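Participant: Take this structure first; my questions come after.
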């Protein structure tokens, strides 16, 4: 499996955990020192997984324009566009996401993620 395929699969697994409301899977994908940077501020691993205490935070999602950049032998960055819908809401939302993944213990863990709301025209 290529680096790009590995990192994309890891990133999609985080989204699937959000769609399934699976806090344990979300927590397992994130590094203990995970840092999230979002429009409403910073979040750690427990903040990220804790949002699932009330159930799924994503009803549907689609990722596009994926790009993976190696950052050395044990780190990689993925950047992409995401279109998603929250449970109970009719309108899709669009954002750009970048995440840094770190190789650890034979797998990958999400070390950093930043979400940037898309402005202007909707994503293709």
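Participant: Is it true that residue 90 is at pLDDT below 95 and under 21 Å from residue 28 (Cβ atoms)?
Facilitator: Criteria not met by residue 90.
Participant: Which residues, taken from region 70-124, are exposed (fewer than 11 other Cβ atoms within 10 Å of the Cβ) and either more than 18 Å from residue 40 (Cα to Cα) or under 11 Å from the mean Cα position of the chain (by Cα) (or both)?
Facilitator: Within region 70-124, 72, 73, 88, 89, 90, 91, 105, 106, 120, 121, 122, 124 meet the criteria.
Participant: Could I ask something else about it? Among the residues of region 29-40, are any part of a helix (DSSP H, G or I), surrounded by 13 or more Cβ atoms within 10 Å (Cβ to Cβ) and over 10 Å from the mean Cα position of the chain (by Cα)? Working first, answer last.
Facilitator: Going through region 29-40, the residues part of a helix (DSSP H, G or I) turn out to be 29.
Those still in the list that are surrounded by 13 or more Cβ atoms within 10 Å (Cβ to Cβ) too: 29.
With the extra rule that they be over 10 Å from the mean Cα position of the chain (by Cα), the set shrinks to none.
Looking for residues that are part of a helix (DSSP H, G or I), surrounded by 13 or more Cβ atoms within 10 Å (Cβ to Cβ) and over 10 Å from the mean Cα position of the chain (by Cα), one finds none in region 29-40, hence no.
The values are calculated or read from the model by the stated rules, or taken from the named source; none is laboratory data. This is a predicted model, so every value here is computed, not measured. Methodologically, a virtual Cβ is constructed for each residue, glycine included, from the backbone with ideal geometry; neighbour enumeration extends over all protein chains shown.
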